[in-house]
1. Which residues among region 255-299 fall inside the zone where the amide N is under 14 Å from a point 7 Å beyond the Cα of LYS56, along Cα→Cβ?
2. For SER191 and GLU67 in the same chain, what is the full-extension length gain: residue separation times 0.36 nm, less their Cα-Cα distance, in nm?
3. For the charge dipole of the chain, defined by +1 on Lys and Arg C-beta atoms and -1 on Asp and Glu C-beta atoms about the Cα centroid, which residue among GLY155, SER254, GLY172 has the Cα displaced farthest towards the positive pole?
4. Which ³J(HN,Hα) values, rounded to whole Hz and listed in residue order, are derived for region 238-252 from phi using the Karplus coefficients 6.51, -1.76 and 1.60 in 6.51 cos²θ - 1.76 cosθ + 1.60 with θ = phi - 60°, glycine and proline given as x?
5. Which of LYS173/LYS222; LYS69/LYS118; LYS54/LYS136; LYS4/LYS136; LYS222/LYS243; LYS69/LYS243 have a Cα-Cα distance over 27 Å?
6. What residues qualify as long-range amide H neighbours of LEU246, i.e. H under 5 Å apart, gap of 5 or more or another chain, H built at 1.01 Å from N?
7. Kindly write out, for region 93-103 in residue order, the coupling ³J(HN,Hα) from the Karplus curve 6.51 cos²θ - 1.76 cosθ + 1.60 (θ = phi - 60°), rounded to whole Hz, with x marking Gly and Pro.
8. Given region 155-299, report the % of alpha carbon pairs whose separation exceeds 26 Å.
Amino acid sequence: MSAKIIDGKAFAADVRARVAAHVARLKEENGITPGLAVVLVGEDPASEVYVRSKGKQTVEVGMNSYEHKLDADTSEADLLALIDTLNNDPAVHGILVQLPLPGHLDSDLVINSINPAKDVDGFHISNVGLLGTGQKSMVPCTPLGCLMMLRDHHGSLSGMNAVVIGRSNIVGKPMAQLLLGDSCTVTIAHSRTKDIADVVRGADIVVAAVGRPEMVPGDWIKPGATVIDVGINRLPPAAEGGKARLVGDCHYDSCAEVAGAITPVPGGVGPMTIACLLANTLTACCRAHGLAEPEGLTA
Ligand code: NDP
């Protein structure tokens, strides 16, 4: 195995420490405590785990955490009324509505009812537009985490060929915009891409965000390329009585033989997502109060 392992767990711990230090200064010098409100509708077990983890980490960095758990049959009007209250609450600097929402709720309508300045997920149509036009915005957490790790590893990304596999609104598209913003030559591959292996072989940077276990083999990777594996796929236990395995969208062992650097799954991109949510909440708080933003924690 030749690739350097990009340790997302350690990187995320460092981001949280930087956020915590900035939060402590905000409290001491300005008497301000950033606050993050997380709204969960229904009882999806995976969402409950995420929300608990977000709340715990929010408190650990010194911010206020406000959790709003609503019944699965909550009406759209009631959910919009809660968001309106949070939009107008000066103690709340960030609002996150945990997705997916139950089927009777219109996710786009709900997300677009969040004040864009408090939209710490970066999914509001205004933030999407601002990012797309290279203006200051709230940046989606997972692609932001990937960008931070890439900048840390490479310094400048200017002129590099980047291939993003996947074109979702939450990962693939914003990732491509961020790489373009850092002057990469960007290709977005997706399910209709012809000869995807050949497309990926031209990349200095590969970001895989597909949701297909181990889809990218090592022989698609250009020697020395950097591989960022966003995928989280749960495989059944290899043997009876064994544990389920988490794998990424890249075949780790064969990619690591060829790549210059690679993020593992688990322990790569995953931990960075919540760390970036905390960073975004801090950024939103600083902007709301007209204070200097933390350095190195935004795009
Ligand atoms: P989506 O299902 O929304 O998007 C998947 C994308 O992959 C689509 O654009 C799709 O193309 C493309 N795709 C599907 N099959 C192929 C194929 N055979 N070849 C090329 N492209 C293909 O997924 P998300 O973007 O939400 O998530 C992607 C992965 O990242 C998942 O494993 C998810 O769990 C993980 N994830 C991890 C996060 C983290 O914190 N680490 C956060 C968010 C997601 P098309 O548009 O043509 O259908």
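Each value in this text was obtained by applying a stated rule to the coordinates, not by laboratory testing. Since this is a predicted model, take the numbers as computed values, not measurements. Glycine gets a Cβ as well: all are built from the backbone with ideal geometry, and neighbour counts include every protein chain shown.
1. 271, 274-275
2. Between SER191 and GLU67, full extension yields an extra 40.9 nm.
3. Sorting the options by dipole projection puts first GLY155.
4. Along region 238-252, the couplings run 5, 10, 4, x, x, 9, 5, 10, 9, 10, x, 8, 10, 7, 4 Hz.
5. Violating the 27 Å limit, Cα to Cα: LYS4/LYS136; LYS222/LYS243; LYS69/LYS243.
6. Amide H neighbours of LEU246, under 5 Å, 5+ apart: LEU235.
7. Taking θ as phi minus 60°, the curve returns 9, x, 10, 10, 9, 5, 9, x, 8, x, x Hz for region 93-103.
8. Within region 155-299, distances greater than 26 Å cover 30 percent of Cα pairs.
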